[in-house]
Every structure is written in structure tokens, then in C-alpha cells.
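K.L.:
Before I ask anything, let me first share the structure, which is written out below as C-alpha cells.
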Amino acid sequence: MSGPRVAKEPANGQGAQSAVIGRAARLALAGAAVAIVALVLGMIAGGRAFPRIIPGLPDSGAVVRWGLPLSKLAMDVAGVVTVGLLLMAAALLPNDKGVLGRTAVQYVKAASWAALTWAGAAFLAIVFGAAESIGRTVPQILERTILTSYATQTTQGVALTLVVLFGVAIALFSRGAITAGAAAGLLVFALVTLLPAPLTGHTSSSPNHDLATSSVSLHLLSLALWVGGLAVLALHAVRRQPQLEVAAARFSRMALWCYAGVGLSGVFALVARLGAVSDLWASEYGLLAFAKIVAFVLLGYVGYWHRQRTLADLEAGRPRAFTRLAGGEMLLMLATMGVAAALSRTPPPEFSIPADRAFELLGFPLPPEMTIANIFTLWWFDLFFAVVAVVLAGLYGLGVYRLRRRGDAWPWGYTASWFVGVALLVFATQSGLARYAQVMFDVHMIEHMTLSMVVPIFLVLGGPVTLALRALKPSSRRGDRGPREWITTILHSRFTKIITHPVVATSIFVASTYALYFTPLFESAMKEHLGHIWMTLHFLLTGCLFFWVIIGVDPGPGRLPYVGRLLMLFVTMPFHAFFGIALMMMGTVIASDWYEQLGRSWGDSLLQTQQDGGAIAWGFGEIPTLIVLLAIAMQWYRDDERQARRADRRADRAGAKDPELDSYNAYLARLNKGDKGE
């Protein structure tokens, strides 16, 4: 009796495994079919499926006409799947003290193949894009050097080439990743790889390209985490893998933020591309965008249903409802991606813009002559730093609220300092100061110094890491990493120890300034909105790193004694003075091509504004130096008070039997006897 049973168990196990593989394959095929059908319908609705061919003009043919959007759709899907696989391994599935479990390792290895597919689809997009750009068929461009020129000299070609290179790198590094930290690093790398290709399409040609660039970046990142996470979660459910309820609960919390990010960024992306609300129904581009809006609303309803019903069923041991709904939601998301691929092939509606070179470069007309009133009234909305400010203020406020709600105290001075820093960040990036900083070098230097030497001081004095560690709860699973554990791990990581070393932090703070302004990097950053974002963010982050080492109230590796902090401050500040003097003595204009193209006819000359900027850099350091000295003095005084109170408590606990005190009293008694001649 035992023999036949043993023989049947493997067969049943193999049959169950085959059934699971079959369900996963059917889900994948259904998703691909839905995405392709949505792409075809979108191409037809947008008028790109069967364009009118004018005799005598070059035409690349139907293969290129359909191959390019299909390859871009495959590239988008493969990129999203790569993100989802790495997200599942790094954050959604529990790990054991940073080491990935068996299922998570499988997902990382699957991400290797997905990234390789991503790179292959990007290469096909290069081939079809080169053919379309010159109106030739694929065999014709493969016989010449056109493909190489397109991939290395055009903006879209370079972006796709980066995707190929980064995709191959992710595929290689994923093969040996077995820790949650490695998976998280690859996830960040994959998110960065999503950005180059879409940001060189309609986004770069949008009149309000600043808003378009920021909104598309936020849209892509939020969408990739949301769609990719759900797709892999649905696959996890179909495969009947363990810990589904944990992964689903974590994804549900993240999906709410992603949904908000997708919705917010989608609205601003439409504002940047449409001239009027009527373009939503009066143009092919608007109709496709409206279809995306409808799909977005439906996805929000499905997500609400998840949180209300299916998660409860999942916790009760009934996964079927969740699996069906997650699969349906994934198909709807893939259909939306198909519409998005068709939308990328549809030109947005045209509307009149000023024939002004400054408007083309800045995204807004050249401001009038600078006055104090204009600085406080000519506000300019920068979506990226507006989101950064809202996130910083919101998360900090939520942390303080959590502590207050459970009865814990939090210093009001920390809170005031943090929100002063956020307010200064908003003023430096959203007010008229930000407008004039792109037009005049001296105003740019004021913005630079504010972001690198004033805002960081108030932010680091707010103690955000300490607040997070106190407000966040430890992970409910022993050995797993939740947000609190990730913060602790990063805080004690080798990377943090290296970059917070006084020599390293000082070198980054000082050397990066010289490297930026005395090389072509500054002009390159001014010409591209993404470059300008990275430059501004660099000012903020390097300043936070430097002042966190000197006056930060958060715990950190290898904190300097107070004398060392003073020495670090006084050694660093002269380098900024030398930098200012070097600018004042230069006889050539930095980034002259950029400033000359703006055509500013008012104010001082380019060289004079540069010399004024040098004077600002030279004298600006006195204000933050004074603030830092006051902060160090207060921290030193409070630390001495704490040590004195600690010594008093030790003495009180020991009472009269304190060894140190008894020894000192005996010494005095011996001296007294000696004086009396005893």
C-alpha cells in the first residue's frame, strides 16, 4: 500500500507545479495581449496607425511604424517588471537580518532576465528609431553607419543607449545579489534607468519643459513601483508562494502613496502639454489622455476594494478573491501602459508660445529688472522641490504627531528649526529668487549659498533621524527589516561611516564647488532642467552632510569632540572665501553661452554679476558661521550639564560609599594631620 502512495505523491506534486506554471504563463500571455491590443487601438485613435504617405517623401514602412511603438512598449513592460521583481525581493518579502530568503533570491535572479529583456527591447528601439528618423527601412540603416550615429549623437539615441548599458549592468549584478541591501541598490538603479528615454520625447519639447520634466519623472517612478509591484504580487499569488499576506499588506500601504503620486504628476503633465481644457476632447492626444484618466480612476476603485475586502479575505486564509482581483487589476494596468505607448507616438496639440529664445531655454519669459518686490512676488512653481518640501514637512509633522499622541515629548526647538529650514527651501526654489537665479550669476550664488549653508543648518538641527527612530515601530517579525530597521542599517553602514568622516565630508563640501564652477559642468547643468535639479539637490545634500557632522543632533558613527568640530568649521570656511576671491579675479565669464542666449538687456554686465557673485560667496559665510558657533556652544554647554547630572546621580546612588569621594576625603584628612604634626 505504501509503494503506490509514494509513487503518486511526486506525480501529484509535479502536476500541481505544472498547473501553477500554466496559470502564471496564461496570466503573462493575457497581460501581453491586453497591452498590445490597447496599443493598437491607441495608435488607430491617435491617427498614427495608418498615416497619409506623401509621394516623393521618404517612408520607413509599416515594419518601422509598428516596430518602434511595440519595442518601446516591450521596453516599458520589461522595465516595470524588473522594478517589481526587485521591489518584491528588497521590501515586500520579509528577510532574515538582511539576507534574502529563497523566494526573494528567485525574484532577484528573475530580475536579471527581465533587465536583459529590457536592454534588448531598448536596442530594438534604437534600430527602429534610427530608421524612422531618416525615413529608411531597417535593412538600409544596418548597412551604413547611421545606427551608430543615431545611438551616440541624437538625444533620444543616447538615452536609449544608456538604457541598454544600464539594463545589462542590472542583469549582471542581479546574478549574485543575496542581501536585501544589494536588492535595494539594484532597485534604485532600475528606477534611474527608467528616466532617460521618456524625458527626451514630448517632455523635452514641451513649452513648460521644467514642469513637464518633473511631472514625468514623478509619474514614471510612482507608476513603476505601483504597476511592477502589483504584477509581481499577482505572480506571487498565482504561484501560491508563502508570505503572500505580508507582501500584500506592505504593497497596499505603498500603493496608496504611488496612486497619489501618479495622479498628481499626471495632472501637472497634462497642464504642461495642453493649451486648454478643451484639448482633452478636441485632439487625439487629449482623447488618449482622457482614456488614461478613466483607467486611473478605475484602478483607484480596485485598490480601494483591495484594502476593504480582499486583504481581509487573505488574512482569513481565502486567497482566491485577492488573486482574481489582483490579476484583473494587473491587466487593466497593462492596458493603460499600452495606451501610454500610443500616447508617446501622438504629438500633443499645438498652441501659440512666445517666439523668444529665453522662453525656450527657461520655460518662462525673461523676468523684468530685478527688484526686492519682484523677488517676493514673481513666484515660479517648481514641482520637484515643491514635492520635496511637502514630503519633508509632512513626514516630520506626522512623526511629531505620533510622539505627542502616545504621550512622548519632543523638543519644540527641533520642530521650529526643521520647519524654518523647509520654509527657506521653499523660498529659495519657488520664489522670484529662483527665477532670477537662472538669469543672473550673483542671484544664483545667493541661492547656492542659501541652499548649501543656511537651509542645511536648520534641517540638521531638527533631528529628523532621531525623530524617525522614535516614531517608527520596530518590525513585527524578528530579524526582518521595516523602515526603522532600514534607517538603523543605513546609519551604521560602511558607506555612512565613510561619507561622514570629517575629511570626506569636508572634501565633498569644498571640492564639489570648485569642480562645478571651474569646469563645463555648471553650464551643462543650467541648460537642462534635470541638470539644474541635480545641481540644486547637490547643494542641499552636501550642505546637510557637512553640517550634520559638525552640529547634527542625530546619532552617527564616530562623532567628533566639540573642539574637533570647531576646528573642522574654521578649516573649511576659508576655502569658500578663496573661491569667492577666485571668481572676483576672473576675467572671463563662466557659462557665457548660456547667459548670452538669454538676451538680458537690463542690469549689470555678465562679468560684473560674476564678480558680485564672488563677493557674495566671499562674505556670505559669516552668517552661517555665527549660527554654527552658537549651536556648538549650546550643544557643548548642554552636554556638560548632562555629564554633571549623570555624575551626581551616580554619587547619589552610591551614597557615602562612593570610592572616589571617600578617597578624596581620606587624602584631605592626611593633609590635615600633617599640618597639625600628628
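K.L.:
Within 12 Å, Cβ to Cβ, of residue 121, how many net charges do the neighbouring residues add up to if Lys/Arg are +1 and Asp/Glu are -1? Numbers along the way, then the final one.
P.N.:
Details: positive: 72; negative: 76.
Neighbourhood net charge equals 0.
K.L.:
Given a Förster radius of 25 Å and the C-beta distance between residue 559 and residue 475 as r, what FRET efficiency does 1/(1 + (r/R0)^6) yield to the nearest 0.05? All intermediate terms of the calculation are to be shown ahead of the outcome.
P.N.:
Values: r = 27 Å, r/R0 = 1.07.
E(calc), rounded to 0.05, equals 0.40.
K.L.:
Give, as ranges by residue number, the residues of segment 376-412 whose backbone N falls under 13 Å from the point 7 Å along Cα→Cβ of residue 484.
P.N.:
Output list for this probe position: 403.
K.L.:
I've got another one for you. Under a point spin-label approximation (7 Å from Cα along Cα-to-Cβ), what is the residue 593-residue 44 distance to one decimal in nm?
P.N.:
4.7 nm
K.L.:
If you don't mind, another one. For a protection proxy built on the mean count of beta-carbon atoms within 10 angstrom, sort 591-599, 126-134 highest first, please.
P.N.:
Ranking, from highest mean packing down: 126-134, 591-599.
K.L.:
How much length is gained if the chain between residue 249 and residue 601 is pulled fully straight, taking 0.36 nm per residue apart and subtracting their Cα-Cα distance, in nm to one decimal?
P.N.:
Values: separation 352, 0.36 × 352 = 126.72 nm, distance 5.87 nm.
Using 0.36 nm per residue and subtracting the Cα-Cα distance, I get 120.8 nm.
K.L.:
Still on this model: Please report how far the C-alpha centroid of segment 384-410 lies from that of segment 147-174, rounded to the nearest whole angstrom.
P.N.:
Taking the Cα centre of segment 147-174 as reference, the centre of segment 384-410 is 40 Å away.
K.L.:
Of the peptides 117-123, 357-363, 34-40, how do they stack up when ordered by the mean number of other Cβ atoms within 10 Å, highest first?
P.N.:
Ranked from most to least packed, the peptides come out as 117-123, 34-40, 357-363.
K.L.:
Shifting gears a bit: Please give the length that would be gained between residue 106 and residue 521 if that part of the chain were fully extended, namely 0.36 nm times their separation in residues minus their C-alpha to C-alpha distance (nm, one decimal). Show your work: numbers first, answer last.
P.N.:
Details: separation 415, 0.36 × 415 = 149.40 nm, distance 4.13 nm.
Length gained, residue 106 through residue 521: 145.3 nm.
K.L.:
How long is the gain from residue 28 to residue 398 if the chain were fully straight, where each residue apart is worth 0.36 nm and the alpha carbon distance is subtracted?
P.N.:
Details: separation 370, 0.36 × 370 = 133.20 nm, distance 3.99 nm.
Contour length minus the Cα-Cα distance gives 129.2 nm.
K.L.:
Assuming a ≥ b ≥ c are the square roots of the Cα gyration tensor eigenvalues, decide whether segment 64-170 counts as rounded (a/c under 1.5), prolate (otherwise, with a/b larger than b/c) or oblate.
P.N.:
Working: a/c = 3.74, a/b = 2.91, b/c = 1.29.
Prolate, since a/c reaches 1.5 and a/b exceeds b/c.
K.L.:
Give the peptides 389-398, 438-447 in descending order of average Cβ contacts within 10 Å, highest first. Please list the in-between numbers first.
P.N.:
On the way: 389-398: 15.3, 438-447: 22.4.
Highest mean packing first, the order is 438-447, 389-398.
K.L.:
May I pose another question? State, to one decimal in nm, how far the label point of residue 541 lies from the label point of residue 626, with both points 7 Å from Cα in the Cβ direction.
P.N.:
Distance between the two pseudo-spin positions: 3.2 nm.
K.L.:
In whole Å, how far is the Cα centre of segment 479-547 from that of segment 580-595?
P.N.:
25 Å
K.L.:
Using the Karplus curve 6.51 cos²θ - 1.76 cosθ + 1.60 with θ = phi - 60°, what ³J(HN,Hα) values do you get for each residue of segment 251-260, in whole Hz, with x for Gly and Pro?
P.N.:
5, 4, 5, 6, 5, 4, 5, 5, 4, 5
K.L.:
Suppose R0 equals 30 Å. What FRET efficiency, 1/(1 + (r/R0)^6) with r the Cβ-Cβ distance, do residue 142 and residue 298 give to the nearest 0.05? Walk me through the numbers on the way to the answer.
P.N.:
On the way: r = 43 Å, r/R0 = 1.42.
It comes to 0.10.
K.L.:
Now a separate question. To the nearest 0.05, how large is the calculated FRET efficiency for residue 507 and residue 359 if R₀ is 30 Å and r is the Cβ-Cβ distance? It would help to have the intermediate numbers written out before the result.
P.N.:
Values: r = 40 Å, r/R0 = 1.32.
That pair, residue 507 with residue 359, gives E of 0.15.
K.L.:
Still on this structure: In nm, to one decimal, how far is the modelled label at residue 165 from the one at residue 495, with both set 7 Å along Cα→Cβ?
P.N.:
Going by the 7 Å Cα→Cβ label model, 2.1 nm.
K.L.:
Over segment 55-118, what is the mean sequence separation of C-alpha contacts under 8 Å (at least six apart), divided by residue count, expressed as relative contact order in percent?
P.N.:
It rounds to 40 percent for segment 55-118.
Every read-out reported here was derived from the displayed coordinates using simple, explicitly stated rules and does not represent laboratory data. Source: prediction; values computed, not measured. So basically every Cβ, Gly included, is an ideal-geometry build from the backbone, and we count neighbours across all protein chains shown.
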